[in-house]
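Student: Take this structure first; my questions come after.
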Amino acid sequence: MSKPHIMIVAGETSGDLLGADLMRALCAAQPDTKFSGVGGPAMSRAGFSSLFDMSEIAIMGLGPILANLRRLFGLADLTVAHACETQPDIVVLIDSPEFNHRVAARIKKRFPDMPIVCYVAPSVWAWRRGRARKMAAHFDAVLALFPFETQVFKALSGPPCHFVGHPIIGRVERLGQIPDFRKQHGLGADIPLLCVLPGSRMSEIRKIGPAFWETLLRIERRVEDLAVVIPVLPHTREVVHDMFVGGPFSPILVEDEGEKWAAFKAANAALVSSGTATLELGMAGLPSVVGYRMGKTLTAFVLRSLRVPSAVIVNLVLDKPVMEEFLADRCDPDFLTPAVHKLLVDKDLNAEKRRQLAALPEELGAHDAPPDARAAGIIHELMRQT
């Protein structure tokens, strides 16, 4: 029997991490598995050789995509040609729908019987619902990170969709012992501690940061001895420092992943821009207020297009407005300040939010098999069926 050959294509950092975990899980069941396709540093460390540098397709935003369209088409041609030449037992395309869905359609046209898997369901529940039906023509299965996505794809006549769990579960489990943040920074148990997360992209921080800063100034005048911690990334530290450090108080900036989660566990509340950070705060059980704004035109388009009751994924998973959200023009200190202040001073409200958030880990797949193992099991089953 020949070695199983699995082609994987990941187009951005999060997909690269998922791909590396998936490779390890697939090899745990079949150690002689051969891999090919496109990946990044994490997959390379797991023994993967990429057709080209993953960063070549890690392009976000309509403008940059249009500017690089010819090159992206060429890379798609190269990826499809590799699949046609090597004819893998299965193709797993991770996220990056603008690139990967085009690749899937072209491979399926040439080899209708070659199973193709979409790992990370596109947000058809939020907008562009017609994508689900189109995907049914060239994907044999979707591996979803959120439990409600299985029913969404079924209702929209999409391909079979399987909930495998969110990778944040494994990240939290791998943290191990979390240090005592308050003890490390000399903060007594009675000191009110607020986490502030203004975004991971420079454009986000510049648009949201001023509203968050003014909110902090107002809260500081109403909450005695307020302490503030701001998680940063290497590329955001300087702009966050310039925007938030100074004035009546000096926030603590943390860059280490373990210290960030320690801050989440120690804090009383959080003010956060919408995005993956809300999921992290939810997993930490930290009551949070969400604020987000983009350019006026883009914000208006997104809000008009949304087909869900909330833009916060935690609220969608728990099916209730656990995190209060203020989008577009409402991402303003006049709205943010009273909401954050209430979480800091109303102990009953804070406790109720924590009780509601306690259900999140199980909803995302905690206590079941790890997401990568569940994904590997479905992939092996598809291979056995062909």
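Student: Taking amide H atoms as placed 1.01 Å from N in the peptide plane, list the residues 5 or more away in sequence, or in a different chain, whose amide H sits under 5 Å from that of Val38.
Tutor: Residues meeting the criterion, in which the H sits 1.01 Å from N, are Ile8, Val9, Ala10, Leu51.
Student: Let me know the charge dipole size of the chain about its Cα centre in debye, to the nearest 20, where only the beta-carbon of Lys, Arg (+1) and Asp, Glu (-1) is charged.
Tutor: 1160 debye
Student: Now for a different question. Go through the range 324-341 residue by residue and turn each phi into a ³J(HN,Hα) via Karplus (6.51, -1.76, 1.60, θ = phi - 60°); whole Hz please, and just put x for glycine and proline.
Tutor: 5, 10, 10, 10, 6, 5, 7, 7, 9, x, 4, 9, 5, 4, x, 5, 5, 4
Student: While we're here: Excluding residues fewer than 8 places away in the same chain, name every one of the lysines whose C-alpha is closer than 20 Å to that of Lys34.
Tutor: Cross-link targets: Lys3.
Student: Please list, or write none, the lysines whose alpha carbon is within less than 28 Å of the alpha carbon of Lys260, excluding same-chain residues fewer than 8 places away.
Tutor: Lys260 reaches Lys183, Lys207, Lys320, Lys342, Lys347, Lys353.
Student: May I ask you to derive the relative contact order of the chain, considering only C-alpha pairs under 8 Å and at least 6 residues apart, and to give it as an integer percent?
Tutor: Here the relative contact order equals 15 percent.
Student: Could you work out the equivalent-ellipsoid semi-axes for the chain, taking the square root of 5 times each eigenvalue of the Cα gyration tensor, largest first, in whole Å?
Tutor: 40, 22, 20
Student: Enumerate the calculated ³J(HN,Hα) couplings along the range 199-208 in order (Karplus 6.51 cos²θ - 1.76 cosθ + 1.60, θ = phi - 60°), each rounded to whole Hz, writing x wherever the residue is Gly or Pro.
Tutor: For the range 199-208, the Karplus curve yields x, 10, 10, 4, 5, 4, 4, 5, 7, 9 Hz.
Student: List the residues, sorted by chain then number, that are 5 or more residues from Gly199 or on another chain and whose placed amide H is less than 5 Å from its amide H.
Tutor: HN-HN under 5 Å from Gly199: Ser273.
Student: Non-local amide H neighbours of Val254 (under 5 Å, H modeled in plane, Pro and chain starts lacking H): which ones?
Tutor: Close amide H contacts, sequence-distant or interchain: Ile230, Val232.
Student: With Cβ to Cβ distances under 13 Å as the rule, what net charge do the other residues near Ser96 carry (K, R +1; D, E -1)?
Tutor: -4
Student: Convert each backbone phi in the range 360-366 into a coupling constant with the Karplus relation 6.51 cos²θ - 1.76 cosθ + 1.60 (shift: θ = phi - 60°), then list the ³J(HN,Hα) values in order as whole Hz, x for Gly and Pro.
Tutor: Using θ = phi - 60°, the values come out as 5, x, 5, 4, 8, x, 5 Hz.
Just so you know, all these numbers are worked out from the coordinates, no wet-lab data involved. Since this is a predicted model, take the numbers as computed values, not measurements. We place every Cβ from the backbone using ideal geometry, glycine too, and count neighbours over all the protein chains shown.
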